[in-house]
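Below is one structure, written out as structure tokens; comments come after it.
The values are calculated or read from the model by the stated rules, or taken from the named source; none is laboratory data. Since this is a predicted model, take the numbers as computed values, not measurements. Virtual Cβ from ideal backbone geometry, glycine too; neighbours counted across all protein chains shown. In case anyone asks, the SASA skips ligands and DNA or RNA and just uses the protein heavy atoms, side chains included. Shrake-Rupley method; radii C 1.70, N 1.55, O 1.52, S 1.80 Å.
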Amino acid sequence: MTELLVREVGAGAAPGSGTAVPVAASRRERLARLLRFLRQRPGLVVSIVFVALVLVAAFAPAVLAPADPNVGVPADRLQAPGAAHVFGTDYLGRDVYTRVVHGAALSLQATVIAVAVALVVGGLFGLLAGFVRGWVDEGLMRFVDVLLAIPAVLLSLALITALGYGTVNVAIAVGVASVASFARVMRSETLRIRQSVYVEAARSVGTRWYVTLWRHVLPNAAGPVMVLAVLEFGLAILAVSSLSFLGYGAPPPAPEWGSLIAEGRNYMATAWWLCAVPGAAIAATVLSVNRISRAIDGEWARAR
Amino acid sequence: MGPTARYLLRRAAMAVGVLWAAFTVSFVVLYLLPGDPVATMASGGLDGEPLSPEQLDELRARYGLDQPLVVQYGTRLWDALHGDFGTSIQNGQDVRGLILEALPPTVQISLAGLVVAIVFGGAVAMVATYTRAHWLRQVLMGLPSLAVSLPVFWVGLMLVQVFSFGLGLLPSVGANGPQALVLPAITLGLPTGALVAQVLAKSLSQALDEPYVATARAKGVGRVDIHLRHALRNAALPALTVLGTVVGNLLAGSVVVETVFTRPGIGRLTVAAVGIQDIPVVQGVVVFAATVFVVVNLLVDLVYPLLDPRIATEAAR
């Protein structure tokens, strides 16, 4: 009985989550709808393709750039973009394209860790605050207010001071600094779901609180929280890359998008591509992710 | 006590609470997370020579780190209440002195960035809500999301690339003269301006739907007059509420912008302090930033009821 209620109300209550596909639609109908949706949005298709390429670069960089990113030909140093090197070479003769592709791995790993930390910690905070209510809610939300009062960059820097350098520490620092927004969304979702008929029904038949939490609250809060996670992904790429630019990320010669730009900074007067290319990669990734998050958040549900 | 006084008192108490909590959070992060702050301090020291256990103990005693955490917390909180954030472990200078010394250039660049943000954000919001051309509105409202998607340090470097190295118009680094302020101000102001544009455009289009706009239109007031004299005056007020976030953004942005343009200031002080794990300086900057955020928000709260009496009465209800 609860199952049935959950499905009906869940599908009706989350029109903005993109999961509200009519249950009756066959697989082929859904596919046709998806293709129609994409055909009307060439920008979205480009974004998806680009993000897919970045993911390939992050998990299997050798597919896109088989050469070693840390080995250069000194004779070919500081060559402008051309036929031999699409994005030119750096001050050690290393291919910039290869370094940017391999840089995706570290930068994206850090981003994924950052979003995961923010999602898990912030989600737990919000869930606890919204479910337990009372002084727990009050205390947690005051704490979140404090996190919002300290600029994210400074909070991250304080954490790096304590944890030390490195890609993982940078990722944790960025993640903790973005806990607040997840906590807020999760709390408001939990409060909304708590009041719903199916939670009331579950409680009236004697369902235990943790089962209610797991079976009803979490799945229904997932939509809005995932939209936020995709959006946060773009912000985390920016935050991670600026901390790596400031020199707190992986030590050289490991390529990281931010540190590539920091390296290229010393050669700006003669070699513009050293800064321009990795920065363009960051910007394109963030823009693509934001475009996709906009499509998930509302556009998909509205396009019938 | 009148309702307004009660409202203000409650806001002030909340501000003090947030500050105390910010101090506590920074204490927990900086003094509790690492196993041994003195060991990290020593390894991050400039002379590079490893310290003997006796020297480490002496350092611990000097910074009060040999005492129980509760005592340390109490002492530091008491000192902080008196504006004393300890001394830098790098050069033994007073942290408050260091921050005050680094403040003027950061205030300068933040004000310049604020001007850019208001001009850019204001212009985008005004034109986007005024124009009748659908494509122009789409383009303009796309600008803020573009501006916040670009890495700030990269925008700064690209501006240097074009205007300093390419065209030779403006200096690339340093803090000499008003020309040196132009590129940093643009770099700092663009993402903040995006926030201003989004908030202002939203409240402007809300204001344009209000009955008083219809009344003005019916009386034959021109479109420009309606936009500037009726809608903007009402829409600017809600935009004031994000001022705290705007100032916080500018202060946080100074970390990257001052590094890119090699300018002195709070941002550079912070980056250098993080580099050598100068814990007292980092804590000082964090609490300072929280203070600025809280004070600006408090000021907005104080000024708001004067500009819009409805707020005070609503809050008192």
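Go through the residues of region B:146-163 one by one and say whether even a single one is open to solvent by 20 Å² or more (accessible area, probe 1.4 Å) and part of a loop (DSSP other than H, G, I, E, B).
Within region B:146-163, one or more residues are open to solvent by 20 Å² or more (accessible area, probe 1.4 Å) and part of a loop (DSSP other than H, G, I, E, B).
Answer yes if at least one residue in region A:249-257 is modelled with pLDDT of 85 or more, within 11 Å of chain B (Cβ to nearest Cβ) and open to solvent by 40 Å² or more (accessible area, probe 1.4 Å), and no otherwise.
no
What is the one condition in (1) crowded, with 18+ Cβ neighbours inside 10 Å; (2) more than 29 Å from residue B:266 (Cβ to Cβ) that residue B:141 does not satisfy?
Residue B:141 satisfies every listed condition except (1).
Tell me the residue from B:197, B:207 that is in a helix (DSSP H, G or I) and out of contact with any Phe, Trp or Tyr (no Cβ under 8 Å at 6 or more places or on another chain), please.
B:207
Here is a yes/no grid of residues against (1) within 11 Å of another protein chain (Cβ to nearest Cβ); (2) at negative phi; (3) at pLDDT 90 or above:
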| site | (1), (2), (3) |
| --- | --- |
| B:252 | yes, yes, no |
| B:256 | yes, yes, yes |
| B:263 | no, yes, no |
| B:272 | yes, yes, no |
| B:285 | yes, yes, yes |
| B:297 | yes, yes, no |
| B:300 | no, yes, no |
| B:304 | no, yes, no |
| B:308 | no, yes, no |
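Among the numbered conditions (1) surrounded by 23 or more Cβ atoms within 10 Å (Cβ to Cβ); (2) at pLDDT below 85; (3) farther than 25 Å from residue B:211 by Cα, tell me where residue B:235 comes up short.
All conditions are met except number (3).
So residue A:234 passes all but one of these: (1) touching a Gly at 6+ places or on another chain (Cβ under 8 Å); (2) within 12 Å of chain B (Cβ to nearest Cβ). Which condition number does it fail?
Single failed check for residue A:234: (1).
So which residues in region B:84-121 are under 30 Å from residue B:191 (Cα atoms) and surrounded by fewer than 19 Cβ atoms within 10 Å (Cβ to Cβ)?
Scanning region B:84-121 gives B:96, B:100, B:101, B:103, B:104, B:107, B:108, B:111, B:115, B:118, B:119.
Can you give me the number of residues within region A:159-172 that are more than 7 Å from chain B (Cβ to nearest Cβ), out of contact with any Phe, Trp or Tyr (no Cβ under 8 Å at 6 or more places or on another chain) and open to solvent by less than 10 Å² (accessible area, probe 1.4 Å)?
Qualifying residue count, region A:159-172: 1.
With respect to residue A:99, determine if the residue is charged (D, E, K, R) and under 23 Å from residue A:236 (Cα atoms).
Yes, satisfied.
Yes/no matrix, rows are residues, columns are (1) in a helix (DSSP H, G or I); (2) within 14 Å of another protein chain (Cβ to nearest Cβ); (3) open to solvent by less than 50 Å² (accessible area, probe 1.4 Å); (4) closer than 18 Å to residue A:185 by Cα:
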residue: A:120; (1), (2), (3), (4): yes, no, no, yes
residue: A:130; (1), (2), (3), (4): yes, no, yes, yes
residue: A:136; (1), (2), (3), (4): yes, no, yes, yes
residue: A:142; (1), (2), (3), (4): yes, yes, no, yes
residue: A:146; (1), (2), (3), (4): yes, yes, yes, yes
residue: A:157; (1), (2), (3), (4): yes, yes, yes, no
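Which condition number does residue A:90 fail, the rest of (1) in contact (Cβ under 8 Å) with a residue 40 or more places away in the chain; (2) open to solvent by less than 40 Å² (accessible area, probe 1.4 Å); (3) within 26 Å of the chain's Cα centre (by Cα) being met?
(3)
Of (1) more than 27 Å from residue A:276 (Cα to Cα); (2) part of a helix (DSSP H, G or I), residue B:132 satisfies all except one. Which?
(2)
Quick check, is residue A:190 assigned to a helix (DSSP H, G or I), away from chain B (no Cβ under 14 Å) and either open to solvent by 40 Å² or more (accessible area, probe 1.4 Å) or not acidic (Asp, Glu) (or both)?
Judged against the criteria, residue A:190 is a match.
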